[in-house]
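Okay, so here's the structure we're looking at.
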Amino acid sequence: MSTEGGTRAVIAAMTANGGIAVTKFLAFLATGSSSMLSEAIHSVADTCNQGLLLLGGKRSRRAPDVVHQFGYGRTRYVYSFIVAIIIFLLGGLFSLYEGWHKWHFPEPLDKVWIAYAVLGVSIVLEAFSFRTALREANTSRGDRSLLQYVRDARQPELPTVLLEDSGALVGLCFALFGVTMADLTGDYRWDGVGAMAIGVLLVIIAVFLAFEMASMLIGESALPEQEEAIHEALAASPGVGGVIHLRTLHTGPDELLVAAKIGVDRTADATEIAALIDAAEERIRAAQPTARWIYLEPDIPRTGDAPGS
C-alpha cells in the first residue's frame, strides 16, 4: 500500500466530513432530531480523526535520533490508536447517551424534510469518500477480502478511513431509519433508537480499530508473502548455505527490520563472509524494498538446524 494513496484517502474523507458536519449541525438546530445530532458529532469526530492521521504521518517522518534509533515510524500507529479512542468516547458513547435520553424524553421533530435532504446529501458525499478509499485499497489488497485487508494492513491510514467511511454510511442509514419511523408513526422514540444504533456501531468500530492498532504498536512481523520473498532471496544468495532462522518486525508502516541467522561455509574467511552478507542484503532490499534495517548473523549450519528455529 502506498503512503500517498492513504494520504489521498484521508484528505478526501476530511474534506467530505468537514462539510457534512456543518450541514448536520444546522439540520439538528432546525429539526431537533437526536439522530441528526449523533450524526453531526460523528462527523466532527471523523474530521478530527483525519486531521490526527495527517499529523501522525507528518511527525513519523522525523529522522532517527539517539533516543529513537529506529525512527518515528510507529507514531502513525499511536495517532491511529488515539483515533479509535476518539471514535469510542466522542462518537459512540455520546450517541448512546443522546439516544437513551431521547427514548425516555421524546420530543417532536420540526421540518423533517431538512433532515431527509441533509441525510441524502451526506450519503452521497460519504459514498464518494468511501469510493476514494476503496479505490486506493484495491491497488494493494490483491485477492484479500476487505476485512482481511484491514486486518493484514501494516499502514494504518487506509484501513482507518475505510472503517470510518463504511461506519458513516451505515450510521446515516440508521439515522434515516430513525427519522423516517419517527415521522411516519408519530412515536419520536424511534429517533432515539436511531441514535443508539449509531452509538453501538461506533463503539464496535472503535474497539475493533483499537485492537488492530494495539497489535501494531506491540510490533507485527512482515506479511507471510513478504517473509517468504525475503527467505527466498536469502537462500538464493551466493555463498549462503541456508537460512537457519528469520525474524521480521515493522518499526513503522513502511519500514521493516530483518534479522536472520544464515549458514556459511566453514572454510570461508572474514572477507568472503562480509562480501556475501553485503550481497545478501542487496537481494533482500530488491525483494522487499521496505527492509530498511537488516542484520545478518553468519553461522556454520549444524545437524538438526531447521528454518525458523
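Just so it is clear, none of the values below were taken in a lab; they were calculated from the coordinates. Source: prediction; values computed, not measured. With ideal geometry, Cβ positions are generated from the backbone for all residues, glycine too; neighbour counts draw on all protein chains shown.
Here are the numbers:
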item	result
Convex hull of the stretch 224-299 built on C-alpha atoms - directionally averaged projected area, nm²	4.4 nm²
Rounded to whole Å, sorted largest first: equivalent-ellipsoid semi-axes of the stretch 122-281, Cα gyration tensor	52, 14, 10
For the chain, share of DSSP beta bridges that run antiparallel, in % to the nearest 5	55 percent
Furthest towards positive pole of dipole, ALA127, ALA40, ALA214, structure part the chain, Cβ charges	ALA40
Kirkwood hydrodynamic radius of the chain, from inverse mean 1/r over distinct Cα pairs, in Å	21.6 Å
Antiparallel %, DSSP beta bridges [both residues in the stretch 224-299], to 5	55 percent
Which of LEU234, LEU249, GLY186, positive extreme of dipole for the chain (C-beta unit charges)	GLY186
Placed amide H near HIS245: partners under 5 Å, 5+ positions off or other chain	LYS261, GLY308
Under DSSP loop assignment and at most 11 Cβ neighbours within 10 Å, longest trypsin sites (Lys or Arg not before Pro)-free interval of the chain	1-265
Percent RCO, i.e. relative contact order, over the stretch 3-218, from Cα pairs under 8 Å lying at least 6 residues apart	33 percent
Dipole in debye (nearest 20) - the chain, about Cα centre, beta carbon charges: Lys, Arg +1; Asp, Glu -1	540 debye
